[in-house]
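A quick write-up on the structure given underneath.
The values are calculated or read from the model by the stated rules, or taken from the named source; none is laboratory data. What you are looking at is a predicted structure, and each value in this text was computed from that prediction instead of being measured. Cβ atoms come from the backbone with ideal geometry, glycine included; neighbour counts cover every protein chain shown. The area values use the complete protein model at the heavy-atom level, side chains included, leaving out ligands, DNA and RNA. Shrake-Rupley method; radii C 1.70, N 1.55, O 1.52, S 1.80 Å.
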Amino acid sequence: MDGAKAPTRAVVIVPVVTRGAAADDAIRSRPMRSAEARHDEAVGLTRAIDLEPVHSAVVTVNDPRPATLLGSGKVTEFADIVKEKDAELVIVDHPLTPVQQRNLEKEMNVKVLDRTGLILEIFGERARTKEGTLQVELAHLNYQKGRLVRSWTHLERQRGGAGFLGGPGETQIEADRRALQEKIVKLKRELETVRRTRDLHRAKRKKVPFPVIAIVGYTNAGKSTLFNRLTGAGVLAEDMLFATLDPTLRRLRLPHGTPVILSDTVGFISDLPTHLIAAFRATLEEVVEADLVIHLRDISDPDTAAQAEDVERILADLGVDAKDDRRVIEVWNKIDLLDEGNRTRLLDEAQGRAGTKPIAISAITGEGFEALKETIEARVSGELAPLTVTLAPSQLGLVDWLYRNGEVTGRTDNEDGGVTIELSATKSARDEIQSRLRQGNSRKQ
(Lines give C-alpha, C1' and ligand atoms only; values in the text may rest on other atoms or scores of the structure.)
Protein backbone atom coordinates (compact mmCIF):
# COMPACT_ATOMS: atom_id res chain seq x y z
CA MET A 1 0.00 0.00 0.00
CA ASP A 2 1.38 3.43 -0.94
CA GLY A 3 2.79 5.36 1.99
CA ALA A 4 2.99 2.29 4.26
CA LYS A 5 6.26 1.84 6.12
CA ALA A 6 8.29 -1.19 5.11
CA PRO A 7 8.59 -3.76 7.92
CA THR A 8 11.86 -3.84 9.86
CA ARG A 9 14.18 -6.50 8.41
CA ALA A 10 15.40 -8.90 11.10
CA VAL A 11 17.94 -11.72 11.45
CA VAL A 12 16.78 -14.43 13.89
CA ILE A 13 19.38 -16.44 15.85
CA VAL A 14 18.30 -19.46 17.93
CA PRO A 15 21.16 -20.53 20.26
CA VAL A 16 20.96 -24.12 21.56
CA VAL A 17 23.19 -24.12 24.65
CA THR A 18 24.69 -27.53 25.45
CA ARG A 19 26.97 -26.59 28.34
CA GLY A 20 26.98 -24.20 31.30
CA ALA A 21 24.23 -22.96 33.58
CA ALA A 22 21.59 -22.96 30.83
CA ALA A 23 22.02 -26.69 30.28
CA ASP A 24 22.02 -27.98 33.86
CA ASP A 25 20.44 -31.22 35.10
CA ALA A 26 17.17 -29.57 36.12
CA ILE A 27 16.63 -28.37 32.56
CA ARG A 28 17.75 -31.68 31.01
CA SER A 29 15.12 -33.54 33.07
CA ARG A 30 12.29 -31.58 31.38
CA PRO A 31 10.68 -32.68 28.09
CA MET A 32 13.07 -31.22 25.55
CA ARG A 33 11.81 -28.92 22.81
CA SER A 34 13.33 -29.72 19.44
CA ALA A 35 15.67 -27.20 17.79
CA GLU A 36 13.30 -27.06 14.81
CA ALA A 37 10.33 -26.21 17.06
CA ARG A 38 12.34 -23.52 18.86
CA HIS A 39 13.35 -22.08 15.50
CA ASP A 40 9.76 -22.03 14.23
CA GLU A 41 8.54 -20.41 17.45
CA ALA A 42 11.26 -17.73 17.32
CA VAL A 43 10.35 -16.89 13.70
CA GLY A 44 6.66 -16.86 14.70
CA LEU A 45 7.36 -14.46 17.56
CA THR A 46 9.28 -12.23 15.16
CA ARG A 47 6.41 -12.16 12.67
CA ALA A 48 3.90 -11.51 15.48
CA ILE A 49 4.93 -7.85 15.48
CA ASP A 50 5.25 -7.48 11.72
CA LEU A 51 9.01 -7.80 11.57
CA GLU A 52 10.36 -9.42 8.40
CA PRO A 53 12.74 -12.32 9.12
CA VAL A 54 15.24 -12.14 6.26
CA HIS A 55 17.51 -14.84 7.70
CA SER A 56 17.14 -17.34 10.56
CA ALA A 57 19.43 -20.04 11.92
CA VAL A 58 19.86 -22.46 14.82
CA VAL A 59 23.32 -22.22 16.41
CA THR A 60 24.78 -24.84 18.76
CA VAL A 61 26.64 -23.11 21.60
CA ASN A 62 29.00 -25.55 23.36
CA ASP A 63 30.74 -22.93 25.44
CA PRO A 64 28.63 -19.81 26.16
CA ARG A 65 30.81 -16.68 26.12
CA PRO A 66 30.19 -14.21 29.00
CA ALA A 67 30.85 -11.30 26.61
CA THR A 68 28.69 -12.29 23.61
CA LEU A 69 27.09 -15.72 24.35
CA LEU A 70 28.10 -16.80 20.82
CA GLY A 71 31.67 -17.56 19.76
CA SER A 72 33.63 -14.84 17.97
CA GLY A 73 33.49 -16.69 14.65
CA LYS A 74 29.69 -16.87 14.77
CA VAL A 75 29.41 -13.22 15.76
CA THR A 76 31.51 -12.25 12.71
CA GLU A 77 29.47 -14.58 10.49
CA PHE A 78 26.19 -13.02 11.58
CA ALA A 79 27.60 -9.51 11.28
CA ASP A 80 28.33 -10.30 7.62
CA ILE A 81 24.79 -11.70 7.15
CA VAL A 82 23.28 -8.57 8.72
CA LYS A 83 25.25 -6.41 6.28
CA GLU A 84 24.47 -8.62 3.27
CA LYS A 85 20.72 -8.78 4.03
CA ASP A 86 20.55 -5.09 4.94
CA ALA A 87 18.97 -6.10 8.27
CA GLU A 88 18.18 -3.50 10.93
CA LEU A 89 17.56 -5.79 13.88
CA VAL A 90 18.91 -9.05 15.32
CA ILE A 91 16.66 -11.28 17.44
CA VAL A 92 18.49 -13.71 19.76
CA ASP A 93 16.06 -16.35 21.07
CA HIS A 94 17.82 -16.62 24.43
CA PRO A 95 18.18 -14.38 27.50
CA LEU A 96 21.08 -11.94 27.10
CA THR A 97 22.84 -10.01 29.85
CA PRO A 98 23.08 -6.23 29.30
CA VAL A 99 26.81 -6.70 28.55
CA GLN A 100 26.15 -9.41 25.95
CA GLN A 101 23.46 -7.32 24.30
CA ARG A 102 25.72 -4.26 24.19
CA ASN A 103 28.69 -6.19 22.77
CA LEU A 104 26.60 -7.90 20.09
CA GLU A 105 25.16 -4.52 19.05
CA LYS A 106 28.69 -3.12 18.78
CA GLU A 107 29.94 -6.06 16.70
CA MET A 108 26.92 -6.23 14.36
CA ASN A 109 26.19 -2.50 14.26
CA VAL A 110 22.41 -3.05 14.65
CA LYS A 111 19.93 -3.13 17.49
CA VAL A 112 19.78 -6.53 19.27
CA LEU A 113 16.74 -7.91 21.11
CA ASP A 114 16.82 -11.05 23.25
CA ARG A 115 13.83 -13.35 23.80
CA THR A 116 12.62 -11.36 26.81
CA GLY A 117 12.77 -8.07 24.92
CA LEU A 118 10.92 -9.55 21.94
CA ILE A 119 8.10 -10.96 24.10
CA LEU A 120 7.75 -7.62 25.87
CA GLU A 121 7.62 -5.84 22.51
CA ILE A 122 4.80 -8.16 21.38
CA PHE A 123 2.93 -7.61 24.65
CA GLY A 124 3.29 -3.86 24.15
CA GLU A 125 1.49 -4.12 20.81
CA ARG A 126 -1.21 -6.50 22.03
CA ALA A 127 -2.29 -4.69 25.23
CA ARG A 128 -5.68 -3.01 24.81
CA THR A 129 -7.07 -2.33 28.29
CA LYS A 130 -5.65 0.30 30.65
CA GLU A 131 -4.46 -2.41 33.03
CA GLY A 132 -2.76 -4.38 30.27
CA THR A 133 -1.02 -1.25 28.96
CA LEU A 134 0.20 -0.28 32.43
CA GLN A 135 1.48 -3.80 33.13
CA VAL A 136 3.40 -3.97 29.86
CA GLU A 137 4.90 -0.52 30.37
CA LEU A 138 6.00 -1.44 33.90
CA ALA A 139 7.67 -4.62 32.62
CA HIS A 140 9.32 -2.58 29.81
CA LEU A 141 10.79 -0.09 32.28
CA ASN A 142 12.09 -2.75 34.67
CA TYR A 143 13.76 -4.46 31.74
CA GLN A 144 15.22 -1.21 30.38
CA LYS A 145 16.83 -0.14 33.67
CA GLY A 146 19.97 -2.16 33.06
CA ARG A 147 19.97 -1.66 29.30
CA LEU A 148 20.37 2.05 28.70
CA VAL A 149 22.50 1.66 25.59
CA ARG A 150 23.01 3.64 22.41
CA SER A 151 20.11 4.87 20.31
CA TRP A 152 19.21 3.50 16.88
CA THR A 153 17.54 6.47 15.26
CA HIS A 154 16.69 4.72 11.99
CA LEU A 155 14.46 2.33 13.97
CA GLU A 156 12.96 5.18 16.00
CA ARG A 157 11.78 6.73 12.77
CA GLN A 158 10.21 3.44 11.70
CA ARG A 159 8.52 2.51 14.95
CA GLY A 160 7.28 4.86 17.66
CA GLY A 161 6.16 4.10 21.19
CA ALA A 162 7.89 3.08 24.37
CA GLY A 163 9.17 -0.29 23.11
CA PHE A 164 12.75 -1.43 22.56
CA LEU A 165 13.00 -1.11 18.81
CA GLY A 166 13.63 2.59 19.27
CA GLY A 167 15.84 2.24 22.34
CA PRO A 168 16.86 4.94 24.83
CA GLY A 169 19.97 7.06 24.25
CA GLU A 170 23.32 6.73 26.07
CA THR A 171 23.63 10.36 27.14
CA GLN A 172 22.92 11.24 30.79
CA ILE A 173 22.44 7.59 31.64
CA GLU A 174 22.25 8.18 35.39
CA ALA A 175 19.60 10.87 34.92
CA ASP A 176 17.73 8.49 32.64
CA ARG A 177 17.88 5.78 35.32
CA ARG A 178 16.47 8.15 37.90
CA ALA A 179 13.70 9.16 35.51
CA LEU A 180 12.96 5.48 34.82
CA GLN A 181 12.75 4.73 38.54
CA GLU A 182 10.39 7.65 39.12
CA LYS A 183 8.20 6.47 36.27
CA ILE A 184 8.19 2.92 37.67
CA VAL A 185 6.99 4.18 41.06
CA LYS A 186 4.26 6.25 39.36
CA LEU A 187 3.15 3.30 37.21
CA LYS A 188 2.97 1.02 40.26
CA ARG A 189 0.65 3.52 41.95
CA GLU A 190 -1.59 3.70 38.87
CA LEU A 191 -1.61 -0.07 38.55
CA GLU A 192 -2.59 -0.44 42.20
CA THR A 193 -5.62 1.78 41.57
CA VAL A 194 -6.63 -0.36 38.58
CA ARG A 195 -6.09 -3.53 40.64
CA ARG A 196 -8.38 -2.23 43.39
CA THR A 197 -11.06 -1.63 40.75
CA ARG A 198 -10.58 -5.19 39.46
CA ASP A 199 -10.88 -6.51 43.03
CA LEU A 200 -14.17 -4.63 43.43
CA HIS A 201 -15.48 -6.18 40.21
CA ARG A 202 -14.37 -9.61 41.42
CA ALA A 203 -16.10 -9.04 44.78
CA LYS A 204 -19.32 -8.11 42.95
CA ARG A 205 -19.09 -11.30 40.89
CA LYS A 206 -18.74 -13.32 44.08
CA LYS A 207 -21.99 -11.84 45.40
CA VAL A 208 -23.66 -13.33 42.33
CA PRO A 209 -22.20 -16.80 42.86
CA PHE A 210 -21.43 -17.84 39.29
CA PRO A 211 -18.44 -20.21 39.12
CA VAL A 212 -15.49 -18.79 37.16
CA ILE A 213 -13.81 -21.04 34.58
CA ALA A 214 -10.36 -19.90 33.33
CA ILE A 215 -8.89 -21.21 30.07
CA VAL A 216 -5.09 -21.42 30.16
CA GLY A 217 -2.58 -22.91 27.76
CA TYR A 218 0.53 -22.40 25.70
CA THR A 219 0.22 -19.51 23.28
CA ASN A 220 -1.54 -20.56 20.06
CA ALA A 221 -3.18 -23.62 21.70
CA GLY A 222 -6.59 -22.37 20.52
CA LYS A 223 -7.88 -20.71 23.72
CA SER A 224 -9.64 -17.82 21.96
CA THR A 225 -11.19 -20.14 19.37
CA LEU A 226 -12.56 -22.36 22.16
CA PHE A 227 -13.75 -19.29 24.09
CA ASN A 228 -15.55 -17.90 21.03
CA ARG A 229 -17.22 -21.20 20.19
CA LEU A 230 -18.44 -21.76 23.75
CA THR A 231 -19.71 -18.22 24.36
CA GLY A 232 -20.41 -16.78 20.91
CA ALA A 233 -17.95 -13.96 21.69
CA GLY A 234 -15.89 -12.17 19.05
CA VAL A 235 -12.43 -12.39 20.62
CA LEU A 236 -9.56 -12.15 18.12
CA ALA A 237 -8.55 -15.71 17.21
CA GLU A 238 -5.70 -15.95 14.73
CA ASP A 239 -2.93 -18.46 14.02
CA MET A 240 -0.47 -16.09 15.66
CA LEU A 241 1.56 -16.16 18.85
CA PHE A 242 -0.04 -13.94 21.52
CA ALA A 243 -2.99 -12.99 19.30
CA THR A 244 -4.82 -11.90 22.48
CA LEU A 245 -3.35 -10.45 25.64
CA ASP A 246 -5.97 -8.85 27.88
CA PRO A 247 -8.34 -11.26 29.66
CA THR A 248 -11.92 -11.42 28.41
CA LEU A 249 -14.85 -12.63 30.52
CA ARG A 250 -18.23 -13.85 29.22
CA ARG A 251 -21.23 -15.56 30.77
CA LEU A 252 -22.04 -19.08 29.60
CA ARG A 253 -25.02 -21.33 30.35
CA LEU A 254 -24.13 -25.03 30.53
CA PRO A 255 -26.37 -27.83 29.15
CA HIS A 256 -28.39 -28.28 32.35
CA GLY A 257 -28.79 -24.60 33.08
CA THR A 258 -25.76 -23.88 35.27
CA PRO A 259 -24.55 -20.30 34.62
CA VAL A 260 -20.76 -19.80 34.71
CA ILE A 261 -18.30 -17.04 33.80
CA LEU A 262 -15.65 -18.07 31.27
CA SER A 263 -12.30 -16.26 31.24
CA ASP A 264 -9.87 -16.25 28.30
CA THR A 265 -6.34 -15.44 29.51
CA VAL A 266 -2.99 -14.53 27.97
CA GLY A 267 -1.10 -17.43 26.40
CA PHE A 268 1.86 -18.88 28.29
CA ILE A 269 5.22 -19.52 26.66
CA SER A 270 8.51 -21.17 27.60
CA ASP A 271 10.99 -18.97 29.45
CA LEU A 272 8.32 -16.34 30.14
CA PRO A 273 10.27 -13.58 31.92
CA THR A 274 9.72 -13.70 35.70
CA HIS A 275 9.25 -9.93 35.96
CA LEU A 276 6.62 -10.19 33.24
CA ILE A 277 4.73 -12.79 35.29
CA ALA A 278 5.02 -10.42 38.25
CA ALA A 279 3.75 -7.48 36.18
CA PHE A 280 0.79 -9.53 34.94
CA ARG A 281 -0.02 -10.88 38.39
CA ALA A 282 -3.31 -8.95 38.53
CA THR A 283 -4.41 -10.31 35.15
CA LEU A 284 -3.31 -13.83 36.05
CA GLU A 285 -5.26 -13.59 39.31
CA GLU A 286 -8.27 -14.50 37.16
CA VAL A 287 -6.59 -17.91 36.98
CA VAL A 288 -5.68 -17.99 40.68
CA GLU A 289 -9.25 -17.05 41.71
CA ALA A 290 -10.98 -19.37 39.22
CA ASP A 291 -13.15 -22.19 40.52
CA LEU A 292 -12.04 -24.38 37.64
CA VAL A 293 -9.07 -24.20 35.25
CA ILE A 294 -9.15 -25.65 31.72
CA HIS A 295 -5.59 -26.48 30.65
CA LEU A 296 -5.89 -26.43 26.86
CA ARG A 297 -3.17 -28.25 24.90
CA ASP A 298 -2.46 -28.28 21.18
CA ILE A 299 -2.23 -32.06 20.98
CA SER A 300 -1.22 -31.91 17.30
CA ASP A 301 2.03 -30.08 18.12
CA PRO A 302 5.09 -32.39 18.28
CA ASP A 303 6.25 -30.42 21.35
CA THR A 304 2.95 -30.66 23.22
CA ALA A 305 4.56 -32.41 26.23
CA ALA A 306 7.20 -29.67 26.64
CA GLN A 307 4.54 -26.97 26.21
CA ALA A 308 2.33 -28.63 28.85
CA GLU A 309 5.26 -28.67 31.29
CA ASP A 310 5.90 -24.95 30.68
CA VAL A 311 2.24 -24.16 31.42
CA GLU A 312 2.24 -26.36 34.53
CA ARG A 313 5.39 -24.61 35.81
CA ILE A 314 3.81 -21.16 35.45
CA LEU A 315 0.59 -22.40 37.09
CA ALA A 316 2.70 -23.72 39.98
CA ASP A 317 4.32 -20.25 40.29
CA LEU A 318 0.77 -18.88 40.64
CA GLY A 319 -0.09 -21.44 43.32
CA VAL A 320 -2.25 -23.65 41.06
CA ASP A 321 -1.53 -27.40 41.06
CA ALA A 322 -2.05 -28.58 37.46
CA LYS A 323 -2.35 -32.18 38.70
CA ASP A 324 -5.30 -31.35 40.96
CA ASP A 325 -8.14 -33.31 39.31
CA ARG A 326 -10.75 -31.44 41.36
CA ARG A 327 -9.74 -28.05 39.98
CA VAL A 328 -7.97 -28.57 36.63
CA ILE A 329 -9.39 -30.21 33.49
CA GLU A 330 -6.86 -31.16 30.81
CA VAL A 331 -8.29 -30.65 27.32
CA TRP A 332 -6.59 -31.86 24.15
CA ASN A 333 -7.39 -29.49 21.28
CA LYS A 334 -6.87 -29.71 17.51
CA ILE A 335 -7.65 -33.43 17.16
CA ASP A 336 -9.02 -32.53 13.72
CA LEU A 337 -5.39 -32.05 12.60
CA LEU A 338 -4.40 -35.63 13.51
CA ASP A 339 -4.36 -38.52 11.07
CA GLU A 340 -6.46 -41.58 11.95
CA GLY A 341 -3.57 -43.55 13.44
CA ASN A 342 -2.40 -40.78 15.79
CA ARG A 343 -5.97 -39.89 16.73
CA THR A 344 -6.74 -43.51 17.75
CA ARG A 345 -3.47 -43.78 19.69
CA LEU A 346 -4.08 -40.54 21.61
CA LEU A 347 -7.73 -41.35 22.39
CA ASP A 348 -6.63 -44.77 23.72
CA GLU A 349 -3.94 -43.02 25.80
CA ALA A 350 -6.54 -40.60 27.23
CA GLN A 351 -8.84 -43.49 28.20
CA GLY A 352 -5.94 -45.36 29.79
CA ARG A 353 -5.02 -42.48 32.08
CA ALA A 354 -5.55 -42.94 35.81
CA GLY A 355 -7.89 -40.46 37.50
CA THR A 356 -9.70 -37.84 35.44
CA LYS A 357 -9.34 -38.48 31.70
CA PRO A 358 -8.22 -35.71 29.33
CA ILE A 359 -11.02 -34.56 27.02
CA ALA A 360 -10.23 -34.55 23.29
CA ILE A 361 -11.87 -31.75 21.28
CA SER A 362 -11.61 -29.64 18.17
CA ALA A 363 -12.36 -25.97 18.87
CA ILE A 364 -12.74 -25.48 15.10
CA THR A 365 -15.26 -28.26 14.37
CA GLY A 366 -16.91 -28.49 17.80
CA GLU A 367 -16.08 -32.19 18.19
CA GLY A 368 -16.01 -33.23 21.85
CA PHE A 369 -17.78 -30.08 23.07
CA GLU A 370 -20.74 -31.89 24.67
CA ALA A 371 -18.38 -34.06 26.73
CA LEU A 372 -16.39 -30.95 27.73
CA LYS A 373 -19.47 -28.98 28.79
CA GLU A 374 -20.87 -31.93 30.73
CA THR A 375 -17.54 -32.38 32.53
CA ILE A 376 -17.38 -28.68 33.41
CA GLU A 377 -20.94 -28.78 34.72
CA ALA A 378 -20.35 -31.93 36.75
CA ARG A 379 -17.23 -30.36 38.26
CA VAL A 380 -18.82 -27.04 39.26
CA SER A 381 -22.36 -28.24 40.05
CA GLY A 382 -22.08 -31.92 40.91
CA GLU A 383 -22.95 -35.05 38.97
CA LEU A 384 -26.42 -35.56 37.51
CA ALA A 385 -28.81 -37.54 39.70
CA PRO A 386 -32.49 -38.50 39.25
CA LEU A 387 -35.19 -36.49 41.01
CA THR A 388 -39.00 -36.64 41.05
CA VAL A 389 -40.84 -33.36 41.69
CA THR A 390 -44.60 -33.04 42.28
CA LEU A 391 -45.94 -29.52 41.80
CA ALA A 392 -49.29 -28.25 43.02
CA PRO A 393 -51.36 -26.10 40.62
CA SER A 394 -50.07 -22.96 42.38
CA GLN A 395 -46.45 -24.04 41.67
CA LEU A 396 -46.76 -24.59 37.91
CA GLY A 397 -44.60 -21.50 37.33
CA LEU A 398 -41.63 -23.76 38.21
CA VAL A 399 -42.21 -26.09 35.25
CA ASP A 400 -40.31 -23.92 32.77
CA TRP A 401 -37.41 -23.55 35.23
CA LEU A 402 -37.21 -27.34 35.64
CA TYR A 403 -37.05 -27.86 31.87
CA ARG A 404 -34.26 -25.26 31.56
CA ASN A 405 -32.20 -26.49 34.51
CA GLY A 406 -32.62 -30.26 34.30
CA GLU A 407 -32.98 -33.15 31.89
CA VAL A 408 -36.68 -34.05 31.99
CA THR A 409 -37.26 -37.79 31.45
CA GLY A 410 -40.98 -38.03 32.24
CA ARG A 411 -44.07 -35.94 32.99
CA THR A 412 -47.47 -36.87 34.44
CA ASP A 413 -50.40 -34.42 34.61
CA ASN A 414 -52.26 -35.03 37.90
CA GLU A 415 -56.04 -34.92 38.43
CA ASP A 416 -55.81 -31.93 40.80
CA GLY A 417 -54.26 -29.81 38.02
CA GLY A 418 -50.73 -30.27 39.32
CA VAL A 419 -47.91 -32.13 37.60
CA THR A 420 -45.26 -34.74 38.49
CA ILE A 421 -41.94 -34.36 36.66
CA GLU A 422 -39.12 -36.89 36.57
CA LEU A 423 -35.74 -35.40 35.72
CA SER A 424 -31.98 -35.59 36.13
CA ALA A 425 -30.29 -32.53 37.60
CA THR A 426 -26.96 -31.43 39.01
CA LYS A 427 -26.51 -31.17 42.79
CA SER A 428 -26.71 -27.37 42.71
CA ALA A 429 -29.90 -27.54 40.61
CA ARG A 430 -31.43 -30.12 42.98
CA ASP A 431 -30.62 -27.88 45.95
CA GLU A 432 -32.17 -24.91 44.12
CA ILE A 433 -35.33 -26.91 43.34
CA GLN A 434 -35.76 -27.89 47.00
CA SER A 435 -35.21 -24.27 48.05
CA ARG A 436 -37.84 -23.00 45.58
CA LEU A 437 -40.33 -25.64 46.71
CA ARG A 438 -39.80 -24.72 50.38
CA GLN A 439 -40.30 -21.02 49.58
CA GLY A 440 -43.53 -21.87 47.75
CA ASN A 441 -44.81 -23.96 50.67
CA SER A 442 -43.95 -21.27 53.25
CA ARG A 443 -45.86 -18.64 51.27
CA LYS A 444 -48.95 -20.90 51.25
CA GLN A 445 -48.92 -21.33 55.06
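Ordered by residue, what ³J(HN,Hα) values in Hz, to whole numbers, does region 113-122 give under the Karplus form 6.51 cos²θ - 1.76 cosθ + 1.60, where θ = phi - 60° and Gly and Pro are x?
Residue by residue, region 113-122 yields 10, 8, 4, 4, x, 5, 4, 5, 5, 5 Hz.
Please work out how much accessible surface I13 shows to a 1.4 Å probe, ignoring ligands, DNA and RNA, in Å² rounded to 10.
0 Å²
I'd like the FRET efficiency for D86 and S394, computed as 1/(1 + (r/R0)^6) with the beta carbon distance as r and R0 of 60 Å, rounded to 0.05. Mind dumping the intermediate values first?
On the way: r = 83 Å, r/R0 = 1.38.
FRET efficiency, D86 to S394: 0.15.
Which of the peptides 50-61, 315-326 is most tightly packed, and how do the rest follow, going by the mean number of other Cβ atoms within 10 Å of each residue?
50-61, 315-326
Rank K373, K111 by accessible area, highest first, at a 1.4 Å probe radius?
So, going from the largest accessible area down, we get K373, K111.
Once you have the Cα-Cα distance between R178 and D416, take 0.36 nm times their residue separation minus that, and quote the gain in nm to one decimal.
77.4 nm
Taking θ = phi - 60°, what integer Hz values does the Karplus form 6.51 cos²θ - 1.76 cosθ + 1.60 yield along region 414-426, in sequence order, with x for Gly and Pro?
Using θ = phi - 60°, the values come out as 8, 5, 7, x, x, 8, 10, 10, 9, 8, 10, 8, 6 Hz.
Label-point separation (nm) for S34 and L347, each offset 7 Å from Cα along Cα-to-Cβ?
Output for this residue pair reads 2.5 nm.
Total Lys pairs in region 315-445 closer than 21 Å by alpha-carbon, pairs eight or more apart in sequence or interchain only?
6
Rounded to a whole number, what % of the accessible area of region 27-87 do carbon and sulfur atoms account for, probe 1.4 Å?
47 percent
Listed here are the pairs K111/K188; K5/K85; K130/K223; K130/K183; which of them are more than 26 Å apart at the Cα?
Violating the 26 Å Cα-Cα cut-off are K111/K188.
Taking the Cα-to-Cβ direction at T97 and at R436 and moving 7 Å from each Cα, how far apart do the two end points lie in nm?
Label at T97, label at R436, 6.7 nm between them.
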